[in-house]
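The values are calculated or read from the model by the stated rules, or taken from the named source; none is laboratory data. From a predicted model like this one, the values you see are computed outputs, not experimental measurements. Cβ: placed from backbone, ideal geometry, glycine included. Neighbour counts: every protein chain shown.
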Amino acid sequence: MTEKTVDMIDAVFDISGEVVPTAYAYPLWKALTQHLSALEEHDNVGVLPLRTSSTAGGLVLPRRTKLVVRIPRQLETHIDTLAGKSLSVDNVPLQLGAIKLRPIQPSPTLHAHLVIGDADETAFLHAVTTQLAEMNIPSKLICGLRSQLSIPERTIHGYSLVIHDMKPDASLRLQYAGLGAERRYGCGIFVPYKAITDLE
């Protein structure tokens, strides 16, 4: 069993703040690792995209927005180090509050905000189908919008993706393993999804 298929758990933090920068993924990761460097030692650690709304000044954080960090269980006893910490996300303040550990639950429909892949949608879906077959996960896919994510020195491209009609075991394995690279920036992380007709 590789590190990418080990048992994972979600650490859910209360957060307070008004906005985050539009390109917040990289500075948020750096702010987290300044307080807990052990996060960088695990490629399968992921920071789920924040729930935000866009404005001219950046991304607004709704009051009940949570910060969710997906971690291997071996970090479970360390992650509470982040509770109560003040972060500077590209000079924008973000305060972490209480933490709750949430087991990952199977769901027949999963969604990822951004899976890195080829610009051609057909090639992207072929590559994803191949990866899922290697994981012994039957695949029924719905490809969403193509988007990009800027980090220093490069831009990450990919598509949102829904996988549906999944058995519980396959659903858990995909949520544990994810697809593709850059999970620390929110890529390739799957979460339960209720409405496959809405891919925003």
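Which condition from (1) part of a strand (DSSP E or B); (2) surrounded by fewer than 13 Cβ atoms within 10 Å (Cβ to Cβ); (3) among the β-branched types (Val, Ile, Thr) is the one that ILE156 breaks?
For ILE156, the exception is condition (2).
I need the full set of residues from region 52-70 which are in contact with a Leu (Cβ under 8 Å, 6 or more places away or on another chain) and within 13 Å of PHE13 (Cα to Cα), in order please. Can you show your working first?
Initial filter on region 52-70 (in contact with a Leu (Cβ under 8 Å, 6 or more places away or on another chain)): 52-53, 59, 61, 65, 67-70.
Those that are in contact with a Leu (Cβ under 8 Å, 6 or more places away or on another chain) and within 13 Å of PHE13 (Cα to Cα): THR65, LEU67, VAL68, VAL69, ARG70.
So is GLY186 buried (at least 21 other Cβ atoms within 10 Å of the Cβ), among the small types (Gly, Ala, Ser), farther than 24 Å from ALA11 by Cβ and touching a helix residue (DSSP H, G or I) at 6+ places or on another chain (Cβ under 6 Å) or not?
Working: buried (at least 21 other Cβ atoms within 10 Å of the Cβ): yes; among the small types (Gly, Ala, Ser): yes; farther than 24 Å from ALA11 by Cβ: no; touching a helix residue (DSSP H, G or I) at 6+ places or on another chain (Cβ under 6 Å): yes.
Criteria not met by GLY186.
Those residues that are free of Cβ contacts under 8 Å to residues at least 24 places away in the same chain, aliphatic (A, V, I, L, M) and loosely packed, with under 15 Cβ neighbours inside 10 Å, I need them from region 98-129; list them, please.
Let us first name the residues in region 98-129 that are free of Cβ contacts under 8 Å to residues at least 24 places away in the same chain, namely 118, 120, 122-123, 125-127, 129.
Add one more test, that the residue is aliphatic (A, V, I, L, M), and what stays is 123, 125, 127.
The one that is free of Cβ contacts under 8 Å to residues at least 24 places away in the same chain, aliphatic (A, V, I, L, M) and loosely packed, with under 15 Cβ neighbours inside 10 Å: ALA123.
Looking only at region 98-123, which residues are in a helix (DSSP H, G or I) and either in the same structural domain as LEU75 (by TED's automatic domain parsing) or out of contact with any Cys (no Cβ under 7 Å at 6 or more places or on another chain) (or both)? Reasoning before the result, please.
Applying the first criterion (in a helix (DSSP H, G or I)) to region 98-123 yields 121-123.
Once the filter is applied, which keeps residues that are in a helix (DSSP H, G or I) and either in the same structural domain as LEU75 (by TED's automatic domain parsing) or out of contact with any Cys (no Cβ under 7 Å at 6 or more places or on another chain) (or both), region 98-123 yields THR122, ALA123.
Taking strands (runs of 3 or more DSSP E) that fall entirely within region 1-70, which contain at least 1 residues that are out of contact with any helix residue (DSSP H, G or I) (no Cβ under 7 Å at 6 or more places or on another chain), crowded, with 17+ Cβ neighbours inside 10 Å and of a type in the set (Asp, Glu)?
On the way: elements: 8-16, 53-55, 58-60.
In region 1-70, 8-16 are the strands (runs of 3 or more DSSP E) which contain 1 or more residues that are out of contact with any helix residue (DSSP H, G or I) (no Cβ under 7 Å at 6 or more places or on another chain), crowded, with 17+ Cβ neighbours inside 10 Å and of a type in the set (Asp, Glu).
Can you spot a residue in region 85-97 that is surrounded by fewer than 19 Cβ atoms within 10 Å (Cβ to Cβ), out of contact with any strand residue (DSSP E or B) (no Cβ under 7 Å at 6 or more places or on another chain), touching a residue at least 40 places away in the same chain (Cβ under 8 Å) and not in a strand (DSSP E or B)?
Checking region 85-97: at least one residue is surrounded by fewer than 19 Cβ atoms within 10 Å (Cβ to Cβ), out of contact with any strand residue (DSSP E or B) (no Cβ under 7 Å at 6 or more places or on another chain), touching a residue at least 40 places away in the same chain (Cβ under 8 Å) and not in a strand (DSSP E or B).
Using the structure shown, decide if ARG146 is touching a strand residue (DSSP E or B) at 6+ places or on another chain (Cβ under 6 Å), of a type in the set (Lys, Arg) and either surrounded by 12 or more Cβ atoms within 10 Å (Cβ to Cβ) or part of a loop (DSSP other than H, G, I, E, B) (or both). I'd like the intermediate steps shown before the answer.
Details: touching a strand residue (DSSP E or B) at 6+ places or on another chain (Cβ under 6 Å): yes; of a type in the set (Lys, Arg): yes; either surrounded by 12 or more Cβ atoms within 10 Å (Cβ to Cβ) or part of a loop (DSSP other than H, G, I, E, B) (or both): yes.
It is true that ARG146 is touching a strand residue (DSSP E or B) at 6+ places or on another chain (Cβ under 6 Å), of a type in the set (Lys, Arg) and either surrounded by 12 or more Cβ atoms within 10 Å (Cβ to Cβ) or part of a loop (DSSP other than H, G, I, E, B) (or both).
Does SER139 satisfy being assigned to a strand (DSSP E or B) and either modelled with pLDDT under 95 or surrounded by fewer than 18 Cβ atoms within 10 Å (Cβ to Cβ) (or both)? Talk me through it step by step, then tell me what you get.
Details: assigned to a strand (DSSP E or B): no; either modelled with pLDDT under 95 or surrounded by fewer than 18 Cβ atoms within 10 Å (Cβ to Cβ) (or both): yes.
Against the criterion (assigned to a strand (DSSP E or B) and either modelled with pLDDT under 95 or surrounded by fewer than 18 Cβ atoms within 10 Å (Cβ to Cβ) (or both)), SER139 does not qualify.
Given the residues TYR193, TYR176, which is the only one that is under 17 Å from ASP7 (Cα atoms), surrounded by 15 or more Cβ atoms within 10 Å (Cβ to Cβ) and touching a residue at least 24 places away in the same chain (Cβ under 8 Å)?
On the way: TYR193 fails: under 17 Å from ASP7 (Cα atoms).
Residue meeting the stated conditions: TYR176.
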